[in-house]
1. May I ask which residue of Met299, Leu67, Asn363 lies farthest towards the positive end of the charge dipole of the chain, with charges of +1 (Lys, Arg) and -1 (Asp, Glu) on Cβ and the Cα centre as origin?
2. Using the Cα gyration tensor of the stretch 79-223, with a ≥ b ≥ c the square roots of its eigenvalues, what is the shape: rounded (a/c below 1.5), prolate (a/b larger than b/c) or oblate (neither)?
3. Please label the shape of the stretch 281-385 as rounded, prolate or oblate, based on the square roots a ≥ b ≥ c of the eigenvalues of the alpha-carbon gyration tensor (a/c under 1.5 means rounded; beyond that, a/b larger than b/c means prolate, else oblate).
4. Measure off 7 Å from each Cα along the Cα-to-Cβ vector at Asp5 and Glu58, then give the distance between these two points in nanometres to one decimal.
5. Using unit Cβ charges (K, R positive; D, E negative) and no other charged atoms, how large, in debye to the nearest 20, is the dipole of the chain about its Cα centre?
6. In nm, give the distance between the simple-model label positions of Ser329 and Asp36, each being 7 Å from the Cα along the Cα-to-Cβ direction.
7. How high is the FRET efficiency from Tyr287 to Arg311, r the C-beta distance, R0 51 Å, rounded to 0.05?
8. State, to one decimal in nm, how far the label point of Ile96 lies from the label point of Asp345, with both points 7 Å from Cα in the Cβ direction.
Amino acid sequence: MQDNDVYDLVGIGFGPSNLALAIAVEEHNARAAATDRVRAIFLEKQDDFGWHRGMLFEDATMQVSFLKDLVTMRNPASDFSFVSYLHAHDRLADFINYKSMYPLRVEFHDYMAWAATRVRDQVRYGHTVTDVRPAAGGEMLDVITDRGHFRARNISVAVGLESSLPPEIQPAERVWHNLDILHRAATFDVAAPRRFIVVGAGQSAAESVSFLHERYPTAEVCSVFFRYGYSPADDSNFANGIFDPQAVDLYFDAPEDVKRMLFDYHRNTNYSVVDGELITDLYRRAYREKVLGRTRLRMLNASRITDLAPRPDGVTAEVEHLPTGDRTSLEADAIVYATGYRPVDVSRLLGAAAPLCHRDEENLLRVRRDYRIVTDDSLRAGIYLQGGTEHAHGITSTLLSAVAVRSGEIVASIAAGERGPVPETLPRPLAMIGDR
Ligand SMILES: Cc1cc2nc3c(=O)[nH]c(=O)nc-3n(C[C@H](O)[C@H](O)[C@H](O)COP(=O)(O)OP(=O)(O)OC[C@H]3O[C@@H](n4cnc5c(N)ncnc54)[C@H](O)[C@@H]3O)c2cc1C
C-alpha cells in the first residue's frame, strides 16, 4: 500500500483535464466546510508535467482562445487563469499588444506547467497506473501503480489520446508518428537530411511539414495525402458555439440521429482540417520556390503510400497518384505518419473494474451527464471519465474547451456523493479519431 489514506478522489493521468480538476478541487476546498472537503491525489506516469512535448513547435499557436484556459469558463475570478499567469510573468501588457486570442503553444504549455507547480502537493509523478480493482465490498477502488496503490471513493480517468498509425505500419527507427517528431528529428544535423515524407492532411501533418521544411533547409519535404488540398478548419463565429458548455447539454440529451447529424456537420471544426493561416503560409512557400526554381516543398495530393520499405537509415516509399495510377518511388531519411490519434482504451486501464462498467449495444461505455460511468450496483465507488466521451457529450470531449466547466461539474458530483439517474439516451459509435 502506497499510503494508508482513503482519498475522495484519485486522478489517473495529469494532463490538462485532471490538472483543471485538481484546481477545481482546490478552489472547492477553499470555500467548503471541513467535512465537505474533497481529498484528492493525482497519478501521472511522466516525471513532470508535460503536454504533447513532441509537438511543441516554436511557432505553433493554440487552437482555442486563451479564455478557455484551465479555469475561466468555470470561475472567471480564479487566480489560476492564463491572465493571472501572464501577470505573474510580467507579460500582460505585451500579450494585450500581441492582439491575438491564441497564445503560442509553448506559452500555453508554460502556463499549464506553472499551474501544475502550484498544485504539486496533490500530484505523484512517475507513477504509472496499471490496474483498478474494486475494494471494500464495492465502496472503494484500489488504483494500482508500478509504485504501490491508492484507495479511492472516486476516480477520474483522464489518460488522453494516443497515436494512431495505419494498421499495416509499424513504428521504426525512421518511421515515426508526429507525436514524437521533435524528439526524433533532433537526432539529425540541420544539413544532413535530403528528404522527408509526411503522410496526412490534418493540422498535425501541416505543422510537421512546416517544421521540417523550415528546420532542414537542404531537405525536400513531400506531403502525401488523399485530398486534393488541405481543407481549412471551420472556426467561424456561429459554428464555434458547438464548443460551448450549453452545447454539451443539448448534445447529451439529443436523439441519436440528431447527435450524428450535428457531429457530421461540425466535424470540420476539428478533424482532418488545418488552420487557414498555415495553409496560406505553406502555399506561399511552395509558390516562392516555384518562382525561384528551387522546389523543396512538394504536395503529392490525391495520393497514397502503397508500399513502405524501412531501413535503419531511411525508408523507400512507393506513392500512387490516385487519379492517374502513376507511381513514384521516394527515398527518404524518414517518414512521418500524421494519421491521427485515438482515445487510450480505458478498459485496459480499468482492469478488474472494467467488467462492472456498463456498455451499450455498440460496446461504448455508458456515461452520465456528470461524466460518471454507469456501473453495476455492486460498485458504489464512482468512475469519472474525462475524454473518450465524444459519443455522449459531443465534440469537446477530447479538447481543452471543456476542461474548466467539466471539472466543476465533476467536483460538484463528487461533493454531492449521489448516484443520480441513468441517462435515457444511448450513445452512438464513433469511428477512430482523425487528425485535428
Ligand atoms: C499536438 C496537439 C495539439 C493540441 N492542441 C489543442 C488545442 O490547441 N486546443 C484544444 O482544445 N485541444 C488541443 N489538442 C487536443 C488534446 O487532446 C487536448 O489539448 C488535451 O491534451 C486533453 O487533455 P487530457 O488531460 O485529457 O489528455 P492528455 O493531455 O493526453 O494527458 C493525459 C495524461 O495521462 C498520462 N497517462 C496516460 N496513461 C497513464 C497511466 N497509465 N498512468 C499514469 N498516467 C498516465 C499521460 O502521460 C498524460 O500526461 C491538441 C492535441 C495535440 C496532440
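All of the numbers you see were taken from the coordinates with simple rules; none came from a lab. Note that the structure is a prediction, hence the values are computed from the model and not measured. Counting neighbours? That spans all protein chains shown, and the Cβs are built from the backbone with ideal geometry, glycine included.
1. Positive-end residue among those listed: Met299.
2. On the way: a/c = 2.76, a/b = 1.32, b/c = 2.09.
Verdict is oblate for the stretch 79-223.
3. Details: a/c = 3.46, a/b = 2.74, b/c = 1.26.
Judged from the Cα gyration tensor, the stretch 281-385 comes out prolate (a/c at least 1.5, a/b above b/c).
4. Simple spin-label model gives 4.2 nm for this pair.
5. Working: 48 positive and 61 negative charges, 85 e Å.
Magnitude of the dipole: close to 400 debye.
6. Calculated label separation equals 7.2 nm.
7. 0.90
8. Taking the simple label geometry, Ile96 and Asp345 are separated by 5.2 nm.
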